[in-house]
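Beneath this line is the structure, given in structure tokens, with notes to follow.
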Amino acid sequence: MTDWQALYADRMGGVVASDIRERMKLLDASQIIHLGGGLPDPDIFPYEPLAAASQAIWSDRARARTALQYAPSEGHAPLRQWIADYMTSHGAPCAIDNILITNGSQQGLDFAAKLLLSPGDLAMVEIPSFIGALRAFDAYQPRYIGLPERSEDWRASELGGAKFCYVGPDFRNPTGTTMTLAEREALLDLAAETGMALLEDGCYEQLRYDGEDIPSLLALAIGRHGDIEKVPVLHTGTFSKTIAPSLRIGWIAGPAEAIRKLVLIKQASDLATSALNQMLLLDVVKTGLDASIQTACTVYRARRDAMLRTLEEAMPDTVRWTRPEGGLYIWGELPEGVDGTRFAERALLEHSVSIISGAAFYPARAANVDVRRNTFRLSFSMIGEEPARTGVLRLGALAHEMVSASA
Ligand code: PMP
């Protein structure tokens, strides 16, 4: 028998499946109320426009041939150009050479880390951070340093040496909070002083439900330097939350110098993203992106509002939560000493409500980071207001029980 354990690379050392996944298999999946993962609502996918786009490709042999052939590693040129124009019209002037199409923005995060991290390098991350980014970075064996919560504490003398800082400025996963304009400017200052790059995750930037848009780090950096070629920013974008995640179309925008290297990584990793999916997506976004964004915002705004109202009604006074202006998540904080991991486990195993414990969003081995174990993340995107309400009421009852037991 092959001893697979002995053959695994060092980087697989920290990669383990969670125990709760095993126990979940014992539950009746159809009864679970999903407030955990941030999946988009399938009711808002653009089915008819995608069907029409598909029909148009199959009825035109020249386009069908392109759709079934390998795409260029950089991506389907008309889609790259469309994204460059889109970014330009949203305050970040760039050209086709500044765009690489990726298989979702998850691949962009992986490639950026592959580009920049050698084992032992320092990676700076917001605390807490998107799990998928942390797991992608983990494979390149960095040491982590947390970006302190308050920008007053962003001192180059203490935060130097990192290769990059990973941030999701708009409606962060997992907290739902948004970086202010002053914080964005301060982070650009810190990057300039330390020489690190900024990896900006723009996953949710189109999903704003109220308040004013704030320019992205990429847009601000281009404003400062006058030209995308001079900025320290790599920006990842995606159509997963605005069109549909299964198409797996995302992009990285940045200086052409870095994009050229990233294209080589793309080539070695999977050659190219599906030409068919890129063509379908382009047909749909050309005329329909704004409408899709509007539908998503209308649906998710109502779900956010409903969940905030139910939290108010159901939770003990000592529980706090964020009030996001967009995105898909609300971050909760139980009183000190009440464990969020236990809360999430009991919610699932005893009340059939899936949520994610806050501790999951902290990097391993970060020198300056205290894990806030009394936290949890809720998502309001995937299910309707009624089942979500039932779920939150159950969470409220459990929180009351756990808070009184800990008093
Ligand atoms: N960034 C963030 C913050 C996310 O939450 C996600 C997925 N939910 C991604 C990136 C990756 O999404 P995709 O690969 O579908 O673009």
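Before moving on, here are some points about what is shown:
- Listed here are the helices (runs of 4 or more DSSP H) enclosed by the stretch 34-147 that have at least 1 residues being of a type in the set (K, R) and more than 16 Å from the ligand (Cβ to nearest atom): 61-68, 77-89.
- Residue list for the stretch 148-172, filter: within 16 Å of the ligand (Cβ to nearest atom) and hydrophobic (A, V, I, L, M, F, W, C): F164, C165, V167, F171
- Some residue of the stretch 104-115 being surrounded by fewer than 17 Cβ atoms within 10 Å (Cβ to Cβ) and at negative phi: no
- Count of the stretch 236-257 residues which are surrounded by fewer than 23 Cβ atoms within 10 Å (Cβ to Cβ) and of a type outside the set (S, T, Y): 7
- Set P72, P93: member being in contact (Cβ under 8 Å) with a residue 12 or more places away in the chain, within 24 Å of D213 (Cα to Cα) and in the same structural domain as T242 (by TED's automatic domain parsing): P93
- Residues that are in a loop (DSSP other than H, G, I, E, B), touching a Cys at 6+ places or on another chain (Cβ under 7 Å) and closer than 20 Å to P93 by Cα, drawn from the stretch 176-226: none
- Look at the stretch 29-58: where a residue is over 19 Å from L378 (Cβ atoms) and a partner is surrounded by 11 or more Cβ atoms within 10 Å (Cβ to Cβ) and of a type in the set (S, T, N, Q), sitting 6+ places away or on another chain with Cβ atoms under 7 Å, you get I44/T295; P46/S292.
- Of S30, S59, all but one fail to be at pLDDT 95 or above, exposed (fewer than 12 other Cβ atoms within 10 Å of the Cβ) and of a type in the set (S, T, N, Q); the exception is S59.
- Just one of (1) in contact with a strand residue (DSSP E or B) (Cβ under 8 Å, 6 or more places away or on another chain); (2) buried (at least 17 other Cβ atoms within 10 Å of the Cβ); (3) farther than 30 Å from D213 by Cβ fails for H351. It is (1).
One line per residue, one yes/no per condition, for (1) of a type in the set (A, V, I, L, M, F, W, C); (2) in contact with a His (Cβ under 8 Å, 6 or more places away or on another chain); (3) closer than 17 Å to D210 by Cα:
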| residue | (1), (2), (3) |
| --- | --- |
| S269 | no, no, no |
| L276 | yes, no, no |
| L280 | yes, no, no |
| G288 | no, no, no |
| Q294 | no, no, yes |
| A302 | yes, no, yes |
| L311 | yes, no, no |
| R323 | no, no, yes |
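- For the stretch 191-206, the set of residues classified as of a type in the set (A, V, I, L, M) and either within 11 Å of the ligand (Cβ to nearest atom) or closer than 30 Å to A244 by Cα (or both) consists of A197, L198, L199, listed by residue number.
The values are calculated or read from the model by the stated rules, or taken from the named source; none is laboratory data. Bear in mind the structure is a predicted one, so any value in this text is a computation, not a measurement. As a convention, Cβ positions derive from the backbone with ideal geometry for all residues, glycine included, and neighbour counts pool all protein chains shown.
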